Amino acid sequence: MRMVFRWYGEGNDTVTLRQIKQIPGVEGIVWALHDMPAGEAWPMDKILQYKKLSEQHGLHLEVVESVNVHEDIKLGFPTRDRYIENYKKTIEHLAAVGVKVICYNFMPVFDWIRTELFKELEDGSTALFYEKAKVADIDPMELVVKINANPELSMAGWEPERLINLTSLFEAYQHVTDENLWDNLQYFLEQIIPAAEANDIKMAIHPDDPPWPIFGLPRIITCQDNIRRLLKLVDNPYNGVTLCSGSLGAHPDNDIAGMVREFADRIPFAHIRNVRVYENGDFIETSHKTSDGTVDICGIVKAYHDSGFQGYARPDHGRHIWDEQCRAGYGLYDRALGIMYLWGIWDSLERMKREASI
């Protein structure tokens, strides 16, 4: 397991590269050009700025999250081919600086949904929260305003310049079914995976967050059967999945450890985090400690260890603790604690393995 840490860039993150370097076992950053509109090719000069910064702190930049997929590709519009060609150019540029994994998603309109960014937990910390009843009643534009309330820190997946056209986007998706979305994903992958393989970069799709339809929009990367279908669309080791235990874990029927064991050789990147799911369908993000949520983090890490996982992993979202002022879900302290919890499980499994072989 190769530990990495998401970083939003200089001037766009409360966490510094110096701080990231001091977290035990972290070897690289997970980054992106967050100011680049979806569909545009990433320029080499901006990519090289990240390379210079990461190398100055002894960190690699082998994992990118996300190279956003333009909505025209998801919708299957004739203009998609131009955006796919730009995506291929970005893959080539990223390969030139040593990138090995691109995490992306195929969620229509919204990358992720939460109704509250700083919901208080019993211990006084706060965390990202999803209230099922509120989603059923709220105007999507209200969420856009709430999530972008702090203009100093961009929220990936909720870029104002993209969501300003929210009404027309919803109209465009009005007659798009799950099967239409599957067809458009297959078209994208058939074009992209050969380019990814030629540049030795693995494409790793992120599951839908949460893993069910929202606002009438189709969602397809939601469960074990659908991940199985995804991997067969283009049956190539460069077509993989970013297995996110938090996204998939929001649905109690999902067996995350079972997915790890089945798809181990197609998981180049893992997001490992916990959520607590309530009977009414609400969920809140918790510490990584297994007993704090409803996701079996210990069992998931064991599944990775048993599978000989050598891919990249990050702690994903964390709570906001010790009065830290930070981007929602992306403070320093709780994610660093999460890393040490994951390493504690991993090191224990390593020791048991060594002792069993004596």
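Bear in mind that the values in this text are calculations on the coordinates, not laboratory data. The structure displayed is predicted, hence computed values, not measured ones. Neighbour counts run over all protein chains shown; Cβ positions are idealised from the backbone, glycine included.
Can you give the longest run of the chain that contains no GluC sites (Glu not before Pro) sitting in a DSSP loop with at most 12 other Cβ atoms inside 10 Å?
Here the longest run is 153-278.
Within a 10 angstrom radius of the beta carbon, how do 74, 51, 353 rank from fewest other beta carbons to most?
In order of increasing Cβ crowding within 10 Å: 353, 51, 74.
Please report, to one decimal in angstroms, the Kirkwood hydrodynamic radius of the chain built from all distinct Cα-Cα pairs.
Radius from the Kirkwood sum: 20.6 Å.
Order of 301, 145, 67 from fewest to most other C-beta atoms within 10 Å?
So the ranking, lowest neighbour count to highest, is 145, 67, 301.
On a C-alpha basis, how far is the centre of the stretch 14-80 from the centre of the stretch 182-214 in Å? Whole number, if you could?
For the stretch 14-80 versus the stretch 182-214, the Cα centre distance is 17 Å.
Would you mind pulling out the separation of the Cα centroids of the stretch 277-299 and the stretch 311-358, in Å?
The two parts, judged by their Cα centres, are 15 Å apart.
Restricting to bridges with both residues inside the stretch 2-357, how much of the DSSP beta-bridge set is antiparallel, in percent to the nearest 5?
Around 30 percent antiparallel, to the nearest 5.
Which of 146, 119, 88 moves the most in a Gaussian network model of the chain with Cα springs under 10 Å?
Highest fluctuation among the options: 146.
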